[in-house]
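K.L.:
The following block contains the structure, expressed as structure tokens.
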Amino acid sequence: MGKKGKKEKKVKGAEKTAAKMEKKVSKRSKKEEEDLEALIAEFQLLDAKKTQVVESACPPPPPRLHASLCAHPEKDELILFGGEYFNGKKTYLYNDLYFYNIKKNTWVKSDIPSPPPRRCAHQAVVVPQGGGQMWVFGGEFASPDGEQFYHYKDLWVLHLNTHTWEQIKAPGAPSGRSGHRMVLSKRQLLVFGGFHESARDYIYYNDVHAFNLDTFTWSRLTPSGSGPSPRSACQMTPTLDGTGVIIYGGYSKSRAKKDVDKGTIHSDMFLLKREVKDEQEKWVWSRVSPSGVKPPPRSGFSLGLGPGGRALLFGGVCDEEDEETLEGDFFNDLYLYDINKNRWFPGQLKGGRSEKKKRRRKKGAEEGAQTEGSPEEKDGEELQPTEIIKEIVAEDGTVMTIKEVIPGARAAEESEEEEEDDEEEEEEEEGATAAPLVEPCPRSNSMAAVKHGKLFLYGGMFEVGDRQFTLSDFYVLDLHKMEQWEVLVEMDPKTQEWLEESESEDEGDEEEAKGGEDEEDEESSEDESDEDEEDEHPPVKPGESLSQYQSRTEAYWQGLARTNMGPDAKDKKVQKVGLAMAKVFFEDQA
């Protein structure tokens, strides 16, 4: 009894500490978030100009990470939403929406009125009901200098059959956060973990919330048992019977000493299971100890759910920290977790044969060709893959080193007949090998989705020294064959832009105009819309101070804030946002 009492006290103490920290973070970040709300409102005013759905064929989306990539529940399409891009000087946030047609290998950009505000590190889940829906919760918005953060707690649904966005306002939602995880379990969305960060403080979560898709209500779950410690960016996979979820890994930070943060990469695994007794629902945490070959510790890995109840984990980064430096070891490997067998195993590629060898194998089978020589003459050993170092020169002259793995020739080992066929082919053409294969370069925070047993992988980022490069390449891997990655969009060195802080303001302004936009004509149209928007605002008079301008135009800016925030927003908050919007405009004009 004594031990149990101590454990309960520790749990209650931890809950109190977390509650105090959350209150502290909320208080300190309130001012920052009010400033960011004004910037978000400015962007939403631009979005408000969209009055009808406009769909246009387009090239692949520009580089980004921390976006969401989902498989359409009814069509052969993938849905890409949001994300962020950083070029060394400025952070860009997106709320654009793209549809990728798998069969045609084409992209369409869909501009839909009243979309969610720009964000990254959110979560999106697709469901088949109502003709297909995509639910989006949370995420964050960052100031252009990347120093301030606003964490969303809003819930949106994209109706795929009508191409309309709708915000769902239901009480009891989780607090604002990003880096959380959300999955569909039966008829409800389960949300776990995440973090909230301001310029001075942060807090990580391990709470669990459920949104009922039938009643449109939120509820906070109170599972029994020992669950995961607070964390973000974990793997969250629904069980096959729909009664629970499996949590693996994740990342969190703690402040060991004053102003010294220490990151922790988690590699533990838990099961959250729903039990129903006497018509009462109960949730229980339990620790899971999987067998097999576990992934080396990492964060920022990509997630997917493959065929046969196998969870997928791709890439990521393991940061090596000391007192002065932080270096990341990036991965491009694939691991699979078999939910039925509770077992990890590496996703090793078999490699593909050259087209000439495939044609010969087909011809030999048709003609009933007989093998010469004994099978013992060839041992069918598998050649080890060769690591090739490739240098790519970016537009700004930066040299990026990319590792590529080219598998060697592989002899079939499934039957004696295949071994003999390989022998005959080698005699016919000496040196016939598998076609050179290129895997995605090591990266973290890329977007992954599975459709028809194929894993699609888009974008992400990697680092070269102190430079961060955001990617826009696109790959697909057939999970049934596990032979080779197919490149759908190659990495474009011209998009690997990085602006040094020491560069002149003129150079920075010129470069920033390029970063984070799709095409030059799109940039010009956005500039024009910005100019139109500025022309509509009350101009700043010569010699006018900020306080004078705010006082003179208060009614105008509060009206815009009220239009953007809706009739339910409190007057005091509308007034603050209106003043902040006036300040943003005044400083831009000054």
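K.L.:
Considering only DSSP states other than H, G, I, E and B, which trypsin sites (Lys or Arg not before Pro) in the stretch 168-201 qualify as loop sites with at most 11 other Cβ atoms within 10 Å?
P.N.:
169, 200
K.L.:
Given Cβ point charges of +1 (Lys, Arg) and -1 (Asp, Glu) and nothing else, what value in debye, to the nearest 20, does the dipole of the stretch 35-102 about its Cα centre take?
P.N.:
Around 240 debye, computed over the stretch 35-102.
K.L.:
How many Lys pairs in the stretch 45-199 lie less than 19 angstrom apart by Cα atoms, where the lysines are 8 or more positions apart or on different chains?
P.N.:
Taking the Cα cut-off of 19 Å, the pair count is 6.
K.L.:
Considering only DSSP states other than H, G, I, E and B, which GluC sites (Glu not before Pro) in the stretch 456-499 qualify as loop sites with at most 15 other Cβ atoms within 10 Å?
P.N.:
When the GluC sites (Glu not before Pro) of the stretch 456-499 are filtered for loop state and at most 15 Cβ neighbours within 10 Å, 490 remain.
K.L.:
Which GluC sites (Glu not before Pro) from the stretch 96-167 combine a DSSP loop assignment with at most 12 other Cβ atoms within 10 Å?
P.N.:
147
Throughout, read-outs are computed from the coordinates displayed, never taken from laboratory work. Every value quoted in this text rests on a predicted model; they were computed, and no experiment measured them. FYI the Cβ positions are ideal-geometry reconstructions off the backbone, even for glycines, and counts take in every protein chain you see.
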